[in-house]
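Read the structure below first, then the notes.
The values are calculated or read from the model by the stated rules, or taken from the named source; none is laboratory data. All values derive from a computational prediction rather than experimental measurement. All Cβ positions, even for glycine, are placed from backbone atoms using ideal geometry, and neighbour counts span all protein chains on display.
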Amino acid sequence: MMTHRTGTREEWLAARLDLLEAEKELTRRSDELARRRQELPWVRIDKQYRFDTDGGSASLANLFQGRSQLLVYHFMFGPDYKAGCPSCSAIADGFNGIVVHLENHDVAFSAVSRAPLATLQAYKRRMGWTFPWASSLGSDFNFDFNVSLTEEQQREGAAEYNYRRESAWAESGIGDSLTKGGEGPVAEIAATTGTDVATYTRERPSMSAFVLDDGVVYHAYSTYARGLDGLWGMYQWLDRAPLGRNEKGIWWRRHDEYDKRRAISRGGSPQ
């Protein structure tokens, strides 16, 4: 039995109009943040990165596919993973539909992970995805953009993520949900990738934006952690649902792993 307050249509409309003003202010603030992102200085990239793609070996410039802009999603799928991160997989479920629109607006898109290309291709087939996905295995790309770390960095707390230095992995990991001893929600997610907590958290989620100008690639923007919330379409819808995110632990799965009998309701309503 839900205990949420009820009211008349007039009371609802008054509250809704008040909320509308706050939503408009948030929209204006979001527009301003987008403008500030676009005003960031571009940083020239001189290092020669190589990627394995469906079309063969490629440079970072090749990933632009003739366009002037490139958006990269740093997908958590390390060389030792048996399956991609389920959280990244939930975000990636929204990629297929947007790629064609981006490409027709002078923007290329690619996911990038350190798993071997054959492993990524097999997972794409399982998930029914068609968006470009490149392997950076053997390249410094992930390490230079702070989305992968070495065992030594992890052990000594020498890793940087979300523009700050982290403590050793045994004390903290992605967010605050990793507890000492490697137990908790992060361990639960790690198990779904066929790894332990240490191996799983050596990969990190992020997205980066690049520009190709007169043959030179520049880094324009990167965001990490909750900076990816806006790209996670599921959450944008849940934030507008009557009960919101309504989360208790890790509830989401890869889209082919849900129990179809429970997909109708999570809250105990009649099946």
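For the reader, a short list of remarks on this structure follows.
- Residues of the range 92-109 that are touching a residue at least 40 places away in the same chain (Cβ under 8 Å) and either crowded, with 22+ Cβ neighbours inside 10 Å or assigned to a loop (DSSP other than H, G, I, E, B) (or both): Asp93, Gly94.
- Ser167 part of a loop (DSSP other than H, G, I, E, B) and either closer than 21 Å to Arg226 by Cβ or in contact with a strand residue (DSSP E or B) (Cβ under 7 Å, 6 or more places away or on another chain) (or both): yes
- Residues in the range 232-270 that are closer than 24 Å to Arg126 by Cβ, in a loop (DSSP other than H, G, I, E, B) and either of a type in the set (Ser, Thr, Tyr) or modelled with pLDDT of 70 or more (or both): Trp232, Ile250, Trp251, Trp252, Arg253, Arg254, His255, Asp256, Glu257, Tyr258, Asp259.
- Where Leu70 falls short, out of the listed (1) in contact with a Leu (Cβ under 6 Å, 6 or more places away or on another chain); (2) exposed (fewer than 15 other Cβ atoms within 10 Å of the Cβ): (2)
- Set side by side, the residues Ser139, Ser89 differ, and just one is part of a helix (DSSP H, G or I) and either modelled with pLDDT of 95 or more or buried (at least 19 other Cβ atoms within 10 Å of the Cβ) (or both), which is Ser89.
- Residue match in the range 18-36 (condition: of a type outside the set (D, E, K, R), over 22 Å from Asp213 (Cβ atoms) and in contact with a Pro (Cβ under 7 Å, 6 or more places away or on another chain)): no
- Qualifying residue in the range 37-45 (condition: closer than 25 Å to Ala115 by Cβ and modelled with pLDDT of 95 or more): yes
- Of all residues in the range 34-67, those satisfying the criterion of being out of contact with any strand residue (DSSP E or B) (no Cβ under 7 Å at 6 or more places or on another chain), under 22 Å from Asp106 (Cβ atoms) and surrounded by fewer than 16 Cβ atoms within 10 Å (Cβ to Cβ) are Ala34, Arg35, Arg36, Gln38, Glu39, Pro41, Asp54, Gly55, Gly66.
- Flag for Ser30 being within 23 Å of Val216 (Cβ to Cβ) and not hydrophobic (A, V, I, L, M, F, W, C): no
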